[in-house]
Amino acid sequence: MRKLVLLCLWSLLLGTTAAYATIFGQLHGVVHDPQHRPIAGARVVLQASTSAYTQSTVTNQDGSFTLSSIPLGDYVITVSQSGFASRKETLTLASDTAPALHFELQVGTVQQSVSVENPAYTANVNTVTPTTLVDRETIALTPGSDRTNSLSMITDYTPGAYITHDMLHMRGGHQVSWLIDGVEVPNTNIASNLAAQISPKDIDYIEIQRGSYTSDIGDRTYGVFNVVPRTGFERNRQAELIVTAGNFFQTDDQLNFGDHTEKFAYYASLNGNRSDYGLAPPVGEVLHDATNGYGGFASLIYNGSAKDQFRLMTQLRNDYFQIPYDPDPNSFGNQQFDSSGLRDGQHESDAIVAFTWLRTFNPSTVLQVSPFYHYNKANYESNPNDTPVATTADRSSTYGGAQASITTAIARNTIQAGLYSFGQHDNYLFGAIFNDDSGNANFTKPDSASGGVIEEYISDNFKATSWLTLIAGLRETRFQGEFSENATDPRFGVAVRVPKLNWVFRAFYGRYYQPPPLLTAAGPIVQFANDNNTDFAPLHGERDEEHQFGVQIPLRGWVLDVDTFKTRVNNFLDHSNVGNSSIYFPVTVDGALIRAWELSLRSPRLWHFGQAHLAYSNQIAEQRGAITGGLICVPITSPECDVDPGYTPVDHDQRNTLNVGFNATLPWQVTASTNVYYGSGFTNGNPDPATPYPNAYLPQHTSVDLSVGKSFGEKLTASVTATNLANYRVLLDNSLTFGGFHFNDPRQIYGEVKYRFKY
């Protein structure tokens, strides 16, 4: 505990001098006349497309202007000056970017204006990171996407992202980073949580980044989800009540409200959900699979002065999941993992508090300081009469720390330096009651561990020309737990726009270090592991090396984004269970190799009423060698521990994944959306010609989702949604997590009503 306190103090002391990643960007521009002479004193107004958020400034003597600390999202920018026609353009701003714009004002009267409707999705030469931006309107339209524990807002729009054994996997792994309001939420645990990090109903924008990260974004190469929460700027003393009801006795309800003034904005929500169907069951029927949860979210933003902004985000959630089982003790699945005698459940809690101070020293220099607190609990609990083993596996983790950055623009360089640090303390309780006549002694074993991370970085985004951007950065990480580890990770990238074609080519090379879980083991649980031919070894951090190349191709408002990447991994983090029990432990495998090429396509508004999207991935995720940390095989000389030194597919390897959909806004205030998902099938953990699943991969699967809604004036909206419309069920995967085998979701149909009112 003493180490934890010291790390937290160090974090808070150093945090005030130096962002991990932020939700903010900068905007630079020049305003000139048709002869390219600068126009001084022109008024520049930036207005958010989906809220009342606004910024404004006037141009300098050289016609230049800068707007700082702009949250990512869609905007309309208007430039006006007496004697010239005003000009209006749309743009989409990504986080941690500083695009340079040029505005040419035509001579005219103040009543004249020129409107240039640029597509929201255009090729971006300011970043090398492949990015998908999803706004709250898209989340509301996408079938099933706004339910509390849904991740369709990610999987439907992101290549190589899918759900298997009830967990999100992306780019060959499932360790992803969530950032809320630009503050990274630390969570070093692997595969112990089932609930989503944040309710989709509380999201204004989510920026999905996949690889090629600048050095201000940290350790997890597989995916970064940068959430801009709703703030109240989109409200004017307005509340919204959302009520749903559907099959499996499901409901997912929320009450939210918000308001804003020029200086202050607030948003708050309360939500509750329940259903008889929660987790993917090990058989085609839904049995012992109820789930329920409740929580709340609040956002407060205060503009103390023209230079100081204060932001507070807080969230609290509780969730419960019954663990489904296969009732037939003689079934094929129960011969691999016997779940017939289990009557288990999982309780989860999560609390987040993140405070941010933004200080704008001048239009080019911004300081961000963000202390944070995160509490996360996942308790796996069994009926004492469970067979063969009644398992208890409780964990609670407490994180406290700070992140901070200072960003400045010097000539063509945007330079950022920062620090991210947290202290962590975990408490564990492991227990087992053996009802299988094995002779193993029952045990209950509490444990605890403390540690922390300190990371510093510096990065530079150099805008060499309007068509060439270079990035370079260095990230230094120090992990302290039962042992210490250091990592120095360089990152380099280039983005080049081809003139006239406006194609943007990207290339990247970078390294990452992911700190390990703090989990330890001793006493009876070690003896239990030994009895199952396993032992415990310390977990060390994962180290990744990524190569990526991509291109963005815009054409008449369509944007095609294609990339290919290769990630080499040492100490690949995964998870395993102890014997025939539900005690899950993180493990590290000697190495892994993930290779893929990805494609995403977004359309402009077609025929004035709809937008199409497509995401495709062809991916190979393989691991090599023995388990090196966590539950290792012993004795190492036994035939069971003789591991093929070559590469073999990981349990969540799926070679082809496709999502294609269309969101439409129709006449008479009607909306309609659909999404088709295709997966070629996950790795078969036990191919055998004598079984129903003889091939190396499990069956391919396709599902169709559909949603139709209608607004009745400004206050009332009603919709009906059906997911997996055909109710086509297949064995999705047979990895031994949370109940053994897993079938894909059944058909779910529910109706939703939204009622908006003033207060």
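The values are calculated or read from the model by the stated rules, or taken from the named source; none is laboratory data. Note that the structure is predicted; figures quoted are calculated from it, not measured. A quick note on method: Cβ atoms are made from the backbone with ideal geometry, for glycine too, and the neighbour counts reach across all protein chains shown. Protein only, heavy atoms only, side chains kept; ligands, DNA and RNA dropped before computing areas. Shrake-Rupley method; radii C 1.70, N 1.55, O 1.52, S 1.80 Å.
If we scan the stretch 15-24, do we find a residue that is at pLDDT below 50, of a type outside the set (Asp, Glu) and over 26 Å from the mean Cα position of the chain (by Cα)?
The answer is yes, given that some residue of the stretch 15-24 is at pLDDT below 50, of a type outside the set (Asp, Glu) and over 26 Å from the mean Cα position of the chain (by Cα).
Could you grab me the full set of residues in the stretch 62-75 that are surrounded by fewer than 17 Cβ atoms within 10 Å (Cβ to Cβ) and either among the small types (Gly, Ala, Ser) or modelled with pLDDT of 90 or more (or both)?
Correct list: 64 only.
Taking the criterion of being in a strand (DSSP E or B), open to solvent by 10 Å² or more (accessible area, probe 1.4 Å), more than 30 Å from residue 255 (Cα to Cα) and touching a helix residue (DSSP H, G or I) at 6+ places or on another chain (Cβ under 7 Å), would at least one residue in the stretch 372-381 satisfy it?
no
How many residues does the stretch 686-698 hold that are out of contact with any Phe, Trp or Tyr (no Cβ under 6 Å at 6 or more places or on another chain) and crowded, with 16+ Cβ neighbours inside 10 Å?
Adding up the residues that qualify gives 2.
Can you report the number of residues in the stretch 84-113 which are farther than 25 Å from residue 126 by Cβ and either of a type outside the set (Gly, Ala, Ser) or modelled with pLDDT under 85 (or both)?
Total meeting the criteria: 9.
Among 450, 421, which is the only one that is of a type in the set (Ser, Thr, Tyr), touching a helix residue (DSSP H, G or I) at 6+ places or on another chain (Cβ under 7 Å) and open to solvent by less than 10 Å² (accessible area, probe 1.4 Å)?
That would be 421, the only listed residue that is of a type in the set (Ser, Thr, Tyr), touching a helix residue (DSSP H, G or I) at 6+ places or on another chain (Cβ under 7 Å) and open to solvent by less than 10 Å² (accessible area, probe 1.4 Å).
For the stretch 306-348, give me the residue count where each residue is in a loop (DSSP other than H, G, I, E, B), more than 25 Å from residue 195 (Cα to Cα) and open to solvent by less than 50 Å² (accessible area, probe 1.4 Å).
Qualifying residue count, the stretch 306-348: 1.
For the stretch 737-759: of the residues being open to solvent by less than 20 Å² (accessible area, probe 1.4 Å) and hydrophobic (A, V, I, L, M, F, W, C), which is modelled with the highest pLDDT?
Selected residue: 741.
Would you tally the residues in the stretch 668-683 being assigned to a loop (DSSP other than H, G, I, E, B) and buried (at least 18 other Cβ atoms within 10 Å of the Cβ)?
So the count comes out to 1.
Taking the stretch 397-418 as the search range and keeping residues that are of a type outside the set (Phe, Trp, Tyr), open to solvent by less than 20 Å² (accessible area, probe 1.4 Å) and out of contact with any Cys (no Cβ under 6 Å at 6 or more places or on another chain), which one is farthest from residue 338 (Cα to Cα)?
Looking at residues that are of a type outside the set (Phe, Trp, Tyr), open to solvent by less than 20 Å² (accessible area, probe 1.4 Å) and out of contact with any Cys (no Cβ under 6 Å at 6 or more places or on another chain), I get 416.
Only strands (runs of 3 or more DSSP E) wholly contained in the stretch 551-658 count here; list those with 2 or more residues that are within 26 Å of residue 440 (Cβ to Cβ).
Passing ranges, in order: 558-577, 584-602, 610-633.
Look through 79, 58 and report the one residue that is more than 30 Å from residue 400 (Cβ to Cβ) and either modelled with pLDDT under 85 or touching an Asp or Glu at 6+ places or on another chain (Cβ under 9 Å) (or both).
Going through 79, 58 in turn, just one is more than 30 Å from residue 400 (Cβ to Cβ) and either modelled with pLDDT under 85 or touching an Asp or Glu at 6+ places or on another chain (Cβ under 9 Å) (or both): 79.
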